Amino acid sequence: MKNGLMSLALIGVTTAVASAQNASFAGWTVETSAGANGLTLYSVYANFTNDAFTYVFLNCFNFASVSGTMAAAQNDNYSDPAGGIAGSWSPAATTSGFNSSDSYVTATGNFGGAATGTSLDPGFLDESAANSGQINDGAGWYDASPGSPNVIPVTTDRFKVMQVARDANVGTHVFWLRIGFKKSTTTVALFGEGNVTLVGVPAPGALALLGLAGLTARRRRA
């Protein structure tokens, strides 16, 4: 979905649109952790200012690759031989046993259970197994069944929108993403946007080689 308007319509928010520069959105952050099978997990969070309002997530859209390749790993129960896709970004296709080695997007800020209400816009990714690890430019996702699960916690003022599982030797990937949200007491859609950076993490062997290279350089200078 190129402009995200259908996503908003699908969740019944069409009454008004506010500025993309709304001060309540405080940008994206990424946290990394060790996943299964030697993968690195990147948790992408939308952050918000600490104020008196309770916000509700609506959608993420207008994804656009800036540099590098996402090369996300998929490890779930979904397969579509007709379309050639192996693995899905929807948490509905993921089971708890694969959480530590799978990539998914979420519209409820968590994994599993209520997160299965997450729906992908048409054209979310290429219809080929070779490209199933890369989200299409212009794509997005939204909460198909809005309710309490998509409330942004006031205790943390942040909301998890996706997890990306990647091999350690994959380089840095930067993409641009826009988020739609609203105050819980209104139907006015608010927006935030910015770049998200998934920093490449060298494999342990590569780190060792870097260390040896540094040691050799110091010896030469000595």
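Within the set Ala165, Ala189, the sole residue that is modelled with pLDDT of 85 or more, more than 19 Å from Tyr42 (Cα to Cα) and of a type in the set (A, V, I, L, M) turns out to be Ala189.
Considering only the range 185-192, I want to know if a residue exists there that is surrounded by fewer than 17 Cβ atoms within 10 Å (Cβ to Cβ), touching a helix residue (DSSP H, G or I) at 6+ places or on another chain (Cβ under 8 Å), of a type outside the set (S, T, N, Q) and in contact (Cβ under 8 Å) with a residue 24 or more places away in the chain. So far as the range 185-192 goes, no, none of its residues is surrounded by fewer than 17 Cβ atoms within 10 Å (Cβ to Cβ), touching a helix residue (DSSP H, G or I) at 6+ places or on another chain (Cβ under 8 Å), of a type outside the set (S, T, N, Q) and in contact (Cβ under 8 Å) with a residue 24 or more places away in the chain.
Could we say that Ala92 is under 30 Å from Val154 (Cα atoms), small (Gly, Ala, Ser) and in a strand (DSSP E or B) here? So Ala92 does not fit the description; no. Would you check if there is a residue in the range 18-28 being more than 23 Å from Pro149 (Cβ to Cβ), modelled with pLDDT of 80 or more and not in a strand (DSSP E or B)? Checked against the condition, which is being more than 23 Å from Pro149 (Cβ to Cβ), modelled with pLDDT of 80 or more and not in a strand (DSSP E or B), the range 18-28 yields no hits at all. For residues in the range 50-105 being of a type in the set (Gly, Ala, Ser) and in contact with a helix residue (DSSP H, G or I) (Cβ under 7 Å, 6 or more places away or on another chain), which is modelled with the lowest pLDDT? Looking at the filtered set, the residue picked out is Gly84.
Just give me the residues in the range 69-89 being crowded, with 16+ Cβ neighbours inside 10 Å, in contact (Cβ under 8 Å) with a residue 40 or more places away in the chain and touching a Ser or Thr at 6+ places or on another chain (Cβ under 7 Å), in sequence order. Residues satisfying the conditions are Ala72, Ala73, Gln74, Asn75, Ile85, Ala86, Gly87, Trp89.
The values are calculated or read from the model by the stated rules, or taken from the named source; none is laboratory data. These figures come from a predicted structure and were not determined experimentally. In this analysis, Cβ positions are derived from the backbone assuming ideal geometry, glycine residues included, and neighbour counts consider all displayed protein chains.
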